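Report on the following structure.
The values are calculated or read from the model by the stated rules, or taken from the named source; none is laboratory data. Given the structure is predicted, the values throughout are model-derived calculations rather than measurements. Glycine also receives a Cβ, built like all others from the backbone with ideal geometry; neighbour counts cover every protein chain displayed.
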Amino acid sequence: MNELTPAHRRELRAAAHHLSPVVSIAANGLTPAVLGEIERSLQAHELIKIKVHGTERDAREELLKAVCEAVEAAPVQHIGTILVVWRKRRDEAPATAATRSASTAAATAAPRAATAKSARAFAAAARRTALIKAAADKKRLAARRTRGNVRKSGPAGAK
């Protein structure tokens, strides 16, 4: 299990605030399929939230410890039924020349790097999109207001 300094833990809690849970642990508990999904999520995002259904606080604490030991991650926060876990992204295992040729390795490595997007990069893209949408809405509203102020022809005092 990785140990975090209090300052690093505080930064990770702040970064995790806007995240939604990506894995749910229900009545079946910590199955190999759930551990595999946690592993994939940590590899893709480094910082994840896990939602735990139907367990008491002590059981959730034990579950957090078990998850962190199983995937070699660090516990960041346990608040209510949400667990926050962090692990530094692992490097891909080096391939041997006998199993993969150089051209095949280059072709498969490029898409993986593109799909492994961090949570911070995803959040930054979402903020940019929201800002662009807000600016477009503001521009459209301003144009609508100016169209409403156009005066119809005719005498000013006529009824």
Open item on the list: One residue is enough: does the range 2-18 have a residue meeting the conditions part of a helix (DSSP H, G or I), farther than 13 Å from residue 83 by Cβ, in contact (Cβ under 8 Å) with a residue 24 or more places away in the chain and of a type in the set (S, T, N, Q)?
Closed with: no
Task: Boolean, residue 56 is under 25 Å from residue 120 (Cβ atoms) and acidic (Asp, Glu) - done: no
- [ ] Just one of (1) under 22 Å from residue 90 (Cβ atoms); (2) out of contact with any Asp or Glu (no Cβ under 8 Å at 6 or more places or on another chain) trips up residue 2, so point out which.
- [x] (2)
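Taking residue 107 as the residue in question, decide whether it is assigned to a helix (DSSP H, G or I) and modelled with pLDDT under 75. Even if it seems obvious, please write down each step before you answer.
Numbers: assigned to a helix (DSSP H, G or I): yes; modelled with pLDDT under 75: yes.
The answer is yes for residue 107.
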- [ ] Name every residue in the range 46-70 that is under 19 Å from the mean Cα position of the chain (by Cα) and either part of a strand (DSSP E or B) or more than 16 Å from residue 24 (Cα to Cα) (or both), in order of residue number.
- [x] 46, 47, 48, 49, 50, 51, 52
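Mind listing whichever residues of the range 32-44 are without any contact (Cβ under 8 Å) to a residue 24 or more places away in the chain and surrounded by 11 or more Cβ atoms within 10 Å (Cβ to Cβ)? Show your work before the answer.
Of the residues in the range 32-44, the ones without any contact (Cβ under 8 Å) to a residue 24 or more places away in the chain are 32-34, 36-37, 40-41.
Residues satisfying the conditions are 34, 36, 37, 40, 41.
Is it true that some residue in the range 75-87 is exposed (fewer than 13 other Cβ atoms within 10 Å of the Cβ) and not in a helix (DSSP H, G or I)? Before you say what the answer is, go through the steps one by one.
Initial filter on the range 75-87 (exposed (fewer than 13 other Cβ atoms within 10 Å of the Cβ)): 79-80.
Subset that is not in a helix (DSSP H, G or I): 79-80.
Yes, the range 75-87 has at least one match.
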Open item on the list: Give me the residue from the range 14-31 that is more than 13 Å from the chain's Cα centre (by Cα) and within 18 Å of residue 65 (Cβ to Cβ) and, out of that set, surrounded by the most Cβ atoms within 10 Å (Cβ to Cβ).
Closed with: 25
TODO: Would you mind finding the one in 37, 46, 61, 56 that is farther than 18 Å from residue 78 by Cα and outside the structural domain of residue 125 (by TED's automatic domain parsing)?
DONE: 37
